[in-house]
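Worksheet: the structure to be examined is printed underneath.
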Amino acid sequence: MRADLPTPLAARERPTARRATAVAHPNIALIKYWGKRDEHLVLPRVDSLSMTLDVFPTTTSVRLAPEAGQDVVTLDGRAADGEALRRVVDFLDLVRARAGTTHRAVVDSENTVPTGAGLASSASGFAALAVAAAAAYGLGLDATALSRLARRGSGSASRSVFGGFVVWHAGSGTPQEADLGSCAEPVPTGALDPALVVAVVDAGPKPVSSRTAMRHTVDTSPLYEPWASSSKADLAEMRTALLAGDIEAVGQIAERNALGMHATMLAARPAVRYLAPATLTVLDSVLELRRDGVPAYATMDAGPNVKVLCRRADAARVAEAVQAAVPAGTVHIAGPGPGARLSDEDGR
Ligand code: PMV
């Protein structure tokens, strides 16, 4: 190191911002994350790839409260308790360990996802929390390190740190090596003007958490390993399709990857089934659109709701067709959105 460069301060000597606010958006995977190799470190078994959305941001503020005996967490105006509180406190413990402090925090998080919209708020939630907490505790992390940190709250949150199309590397080697390698980065794309039409067919809570379902699938499904290895090939093809700006190829690969993931769950013992009759009705309407010459392709996560990838120019038509198929459902149109960032609220 050159003598005239400032020496990095040890974590505990860094001045902390004490209060920071961050905004992050949800993402939808086109190549799915399903299955962990390490539950504690949240290391996935497969690489995944997603699009960060431009709708439904989460805004989270973290204020250090040295006087407080415990963390105080408010989610959408209500005091968090149970599992939700435990996950946030565990995450803050990780940040505190790195900052070399035991100071508790006051966390306030607001989601703009309409209640039960079926869009996982854990990705935007933990991405926003990672960015705000790292700033408040003065960790001085770059985007890659923030992605690695957000991963520990919820795997898919690692992708919401970045905007647009994003790949999350599974990481390889020993758990310590994989912990370092398992982070997200933006993916180069050609001329794409995509939209995701989100069809909410059931706004109720999911019967089985994704965490539990993926563990059960890895443990019992004879289709898990074949899907995981075909997912590697899907990812390579997806990168090529994105670079070429080929929305049809992107959609075909995304749809088969998602259906394959659901097949692994259907083959688990006993089966985990998130797909509902209304899901299949939407899938039929997507087929119908394709028969009419509109490139539209479906993907589903750990729930019955469907996200339809299409050209932005076709989004209104796709939304109309999907809404007609499930009149009781609600339909939203999303485009590619930005990565997580600190907001100006705290005078930045
Ligand atoms: O990040 P988690 O633990 O909520 O898992 C998300 C898993 C899927 O949404 C089903 C797939 C994905 O890659 O987002």
Relative contact order (%) - the chain, alpha-carbon pairs under 8 angstrom, separation at least six: 23
Subtracting the Cα-Cα distance from 0.36 nm times the residue separation, let me have the gained length for ARG291 to SER172 in nm, one decimal. 38.6 nm
From most to least accessible, 1.4 Å probe, no ligand or DNA/RNA atoms counted, ILE31, ILE333 line up as ILE333, ILE31
At a probe size of 1.4 Å, how large is the accessible area of TRP168, to the nearest 10 Å²? 0
Amide H neighbours of LYS36 under 5 Å, at least 5 residues apart or on other chains, H built in the peptide plane: list them. ARG45
Over segment 266-348, what is the relative contact order in percent, taking alpha-carbon pairs closer than 8 angstrom and at least six residues apart? 23
Taking 2.2 N^0.38 Å as the expected size of a compact globular protein, what ratio does the Cα radius of gyration of the chain give against it, to two decimals? 1.00
As I understand it, the dipole of the chain uses +1 on the Cβ of Lys and Arg and -1 on the Cβ of Asp and Glu, about the Cα centre. Which of ALA84, SER231, ALA340 lies farthest toward its positive end? ALA84
Could you tell me what percent of the accessible area of segment 8-189 is made up of carbon and sulfur, with a 1.4 Å probe and every protein chain present? 52
Please list, in order, the residues from segment 279-315 whose amide nitrogen is less than 16 Å from a point placed 7 Å along the Cα→Cβ vector of ALA271. 279-281, 303-304
Karplus-derived 3J(HN,Hα) from phi for segment 126-139 (6.51 cos²θ - 1.76 cosθ + 1.60, θ = phi - 60°), whole Hz, x at Gly and Pro, runs 7, 5, 5, 5, 4, 5, 5, 5, 4, 6, 4, 8, x, 6
Nearest 10 degrees, 0 to 90: helix 143-153 Cα axis against the chain principal axis: 80
Segment THR74-ARG312, extension gain: residue separation times 0.36 nm, minus the distance between their alpha carbons: 82.1 nm
Can you tell me which lysines have their Cα less than 23 Å from the Cα of LYS206? Leave out same-chain residues fewer than eight positions away. LYS32, LYS36, LYS307
Place +1 on the Cβ of every Lys and Arg and -1 on the Cβ of every Asp and Glu in segment 8-189, take the dipole about the Cα centre, and give the residue among ALA99, VAL187, VAL72 whose Cα lies farthest towards its positive end. ALA99
Residue by residue through segment 51-68, which ³J(HN,Hα) values in whole Hz follow from phi under the Karplus form 6.51 cos²θ - 1.76 cosθ + 1.60 (θ = phi - 60°), with glycine and proline marked x? 10, 6, 8, 9, 10, 6, x, 10, 10, 10, 10, 10, 10, 5, 10, x, 7, 7
Assuming a ≥ b ≥ c are the square roots of the Cα gyration tensor eigenvalues, decide whether segment 194-334 counts as rounded (a/c under 1.5), prolate (otherwise, with a/b larger than b/c) or oblate. oblate
Take every DSSP beta bridge with both residues inside the chain and express the antiparallel ones as a percent of the total, to the nearest 5. 90
So, how do all the Cα-to-Cα distances of segment 305-348 break down into 5 Å bins, in percent, from 0 on up? 5, 18, 23, 15, 9, 8, 10, 9, 4, 1
Whether segment 8-189 is rounded, prolate or oblate, judged on the alpha carbon gyration tensor where a/c under 1.5 counts as rounded: oblate
Compare the Cα positions of GLY173, HIS216, ALA145 along the charge dipole of segment 145-219 (+1 at Cβ of Lys, Arg; -1 at Cβ of Asp, Glu; about the Cα centre) and return the one farthest towards the positive end. HIS216
Once phi is turned into θ = phi - 60°, what whole-Hz ³J(HN,Hα) does the Karplus curve with 6.51, -1.76 and 1.60 give for every residue of segment 305-320, x standing for Gly and Pro? 6, 10, 10, 10, 7, 7, 6, 4, 5, 9, 4, 5, 5, 4, 4, 5
With the crude spin-label approximation of a point 7 Å out along Cα→Cβ, what separation in nm comes out for THR330 versus ASP193? 2.8
Can you give the accessible area of GLU177, probe radius 1.4 Å, in Å² rounded to 10? 100
From the Cα centre of segment 94-109 to that of segment 269-336, the distance in Å is 41
For a label point 7 Å along the Cα-to-beta-carbon line of GLU320, residues of segment 183-215 with backbone N under 17 Å: 197-198
Of all DSSP beta bridges in segment 34-109, antiparallel share, percent nearest 5: 70
Once the Cα atoms of helix 224-244 and of the chain are each reduced to a long axis, what angle between those two axes, in degrees from 0 to 90 to the nearest 10, is obtained? 90
So what's the projected area for segment 98-227, the Cα convex hull averaged over all directions, in nm²? 11.4
To the nearest 20 debye, what charge dipole does segment 146-254 have about its Cα centre, counting +1 at the Cβ of each Lys and Arg and -1 at the Cβ of each Asp and Glu? 460
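The values are calculated or read from the model by the stated rules, or taken from the named source; none is laboratory data. All figures in this text were calculated on a predicted structure; none of them were measured in a lab. Here the Cβ is made from the backbone with ideal geometry for all residues, glycine too, and neighbour counts use every protein chain on show. Note: areas computed on protein heavy atoms with side chains; ligands, DNA, RNA excluded. Shrake-Rupley method; radii C 1.70, N 1.55, O 1.52, S 1.80 Å.
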